[in-house]
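Participant: Below you'll find the structure I mean.
The values are calculated or read from the model by the stated rules, or taken from the named source; none is laboratory data. Bear in mind that the values here come from a model prediction, so they are computed numbers and not experimental data. Cβ: placed from backbone, ideal geometry, glycine included. Neighbour counts: every protein chain shown. Each accessible area value is taken on the protein alone, full model and side chains, heavy atoms only, with ligands, DNA and RNA left out. Shrake-Rupley method; radii C 1.70, N 1.55, O 1.52, S 1.80 Å.
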Amino acid sequence: MLLNTCTTVTQISSCLHEGILEPAQWKAGLQDIQAKLDCAAFHHLDISSENKNTRSIAASLQGIEPPSDKLLEYERHYAPQDIRVSAMWGKKEGEVWWDHEHFCAKTLHRAPVYSEFLASIGLRHTVCIPLRDGIVSRDFVGFIRHLDQEPFAVDAQNLVAQLIPHMLRANKLRYHTTRLAEQAALGFAALDALPQALAVVDAGLHLRYLNAAAEHTLANPRGLTLQHGVLHASDLSTQCHLAQCATMACGLIGPARAGEVSISLANEKVPGTTLIHVFPLQANHPLAHALHNIPHALLVWAAPLSSQRTSHICMVLGLTETEARLALMLAQGLTVKDFALTQGCSWHTARTHARNLLRKTGCQRQADVARLVQSLMWV
């Protein structure tokens with residue numbers, strides 16, 4: 001009998017730990033416990049609570065599939081007044097609660113959750129284990145017997161006692177893994193929604209992540225390509241500089257620090273280059289968690305010139321369209337001379353636009369204009 005119990009505990013605990021990453025395995029493990037305890041159902045609840053009067057079910061998993069209207073009826077009507085929840089709320093993690101030890105037959109007969117809800121679906125006695133005690137929510141799992149069954153006996157209690165450490169450990173890991181996955185998913189979704197091109201590389205320029213804007217940029221290679229998973233610049237000197245910036249950002253040459261790389265854009269009408277900022281990837285960034293906190297570099301492409309961006313700068317800073325184009329080029333690391341060449345105007349005319357730009361923005365230097373525009377366009 002002891003050997004069979006040990007084997008059962010090993011098999012179930014293995015299934016529960018596989019359930020850390022596989023929801024189906026977690027449910028299968030709870031169903032195995034349900035079967036071994038000779039129960040009709042299990043119910044795993046995540047209950048949120050600001051105070052004892054405002055408890056609500058945040059998530060639930062059940063071993064049987066009652067009619068959807070019955071489940072909704074419980075969550076809306078019976079859960080807030082469920083005497084089992086009130087009795088269990090003061091229990092610590094892993095402290096087993098058996099209803100037949102706390103409620104007499106008269107209490108079971110009078111309590112609506114027993115006499116109305118559970119009886120209507122043929123259920124009665126419950127054993128419950130608090131699995132996680134969080135700041136704003138708690139996890140409980142309950143195993144419930146048929147209406148005509150006796151309360152849980154000693155052998156069932158012994159089995160539960162042996163399973164509790166495995167259930168607690170697996171459920172906590174499962175909870176934290178789920179939260180990390182949710183945070184990472186939100187982080188990736190936010191990055192993909194940005195109009196700014198972003199990429200993450202290691203010190204050897206091996207690509208680890210591209211957002212949607214960066215994928216679009218590299219799909220039309222001008223000066224920078226992706227070859228066998230590694231970023232390559234069109235000329236050797238730029239490639240060496242890019243590699244050096246990535247190495248510095250990863251902290252492999254002294255303290256981690258940022259850098260900038262100008263990439264020549266062959267066949268591009270305006271401008272002739274684009275600027276890529278290379279930053280150390282902070283340890284608290286969602287991408288850093290996904291990459292196991294190994295040092296990486298975050299590449300941020302300078303905002304491209306576009307009529308939409310030009311209009312935005314015109315509206316925000318009160319500039320003419322020509323002045324806004326100059327401001328955007330300065331923000332990309334280009335000069336007034338570059339502006340004159342790309343616009344086909346004289347150096348004198350370009351300098352006049354630059355003076356007007358400084359006057360209208362209240363800046364003293366062109367570098368100040370560049371930082372101002374970068375802050376507006378999230379460069």
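Participant: State the percentage of accessible surface on the chain attributable to carbon and sulfur atoms; use a 1.4 Å probe and exclude ligands, DNA and RNA.
Facilitator: 56
Participant: What number comes out for accessible area per residue over the chain if the probe is 1.4 Å? Units Å², please.
Facilitator: I get 52 Å² per residue for this part.
Participant: Enumerate the residues in region 71-107 having an amide nitrogen under 16 Å from the point lying 7 Å beyond the Cα of Glu150 toward its Cβ.
Facilitator: Answer for this model: 100-101.
Participant: How far, in nm, would the chain grow between Arg169 and Asp368 when pulled straight, counting 0.36 nm per residue and subtracting the alpha carbon separation?
Facilitator: 66.2 nm
Participant: Highest mean first, how do 135-144, 98-107 rank when packing is the count of other Cβ atoms within 10 Å averaged over residues?
Facilitator: Going from most to least packed, we get 135-144, 98-107.
Participant: How far is helix 366-377 tilted, in degrees, relative to the longest principal axis of the Cα atoms in the chain, given as a value from 0 to 90 rounded to the nearest 10?
Facilitator: The helix 366-377 is inclined about 30 degrees to the chain.
Participant: Would you be so kind as to identify which of Gly333, Phe140, Ala105 lies farthest towards the positive end of the dipole of the chain, taking Lys and Arg as +1 and Asp and Glu as -1 on Cβ and the Cα centre as origin?
Facilitator: Gly333
Participant: In the neighborhood of Ser346, defined by Cβ-to-Cβ distances under 15 Å, what is the net charge if each Lys or Arg adds +1 and each Asp or Glu adds -1?
Facilitator: Neighbour charge sum, excluding Ser346 itself: +2.
Participant: Kindly list the residues of region 135-150 that lie in the label zone of Trp89, defined by a backbone N under 15 Å from the point 7 Å along the Cα-to-C-beta vector.
Facilitator: Taking a point 7 Å out along Cα→Cβ of Trp89, the residues of region 135-150 whose backbone N falls under 15 Å are 135-140.
Participant: Now for a separate question. Ranked from the most accessible area to the least, with a 1.4 Å probe and all protein chains present, what is the order of Ser115, Ser234?
Facilitator: So the residues, ranked largest to smallest area, are Ser234, Ser115.
Participant: Helix-only mean residue ellipticity at 222 nm, the chain, DSSP H runs n ≥ 4 weighted -39,500 (n - 2.57), per residue, nearest 500. What is it?
Facilitator: Roughly -14500 deg cm²/dmol at 222 nm, from the helical runs in the chain.
Participant: Angle between the Cα long axis of helix 2-18 and the longest principal axis of the chain, 0 to 90 degrees, nearest 10?
Facilitator: 30
Participant: Using the crude model of +1 on Lys and Arg Cβ and -1 on Asp and Glu Cβ, and no other charge, please compute the dipole size for the chain relative to its Cα centre, in debye to 20.
Facilitator: 1460
Participant: Expected output is a single nm value to one decimal: the length gained when fully extending between Leu72 and Arg179, i.e. 0.36 nm times separation in residues minus the C-alpha distance. What is it?
Facilitator: Full-extension gain reported as 36.0 nm.
Participant: Estimate the FRET efficiency between Lys360 and His228 by the formula 1/(1 + (r/R0)^6), using the beta-carbon distance for r and 35 Å for R0, to the nearest 0.05.
Facilitator: Rounded to the nearest 0.05, the efficiency is 0.15.
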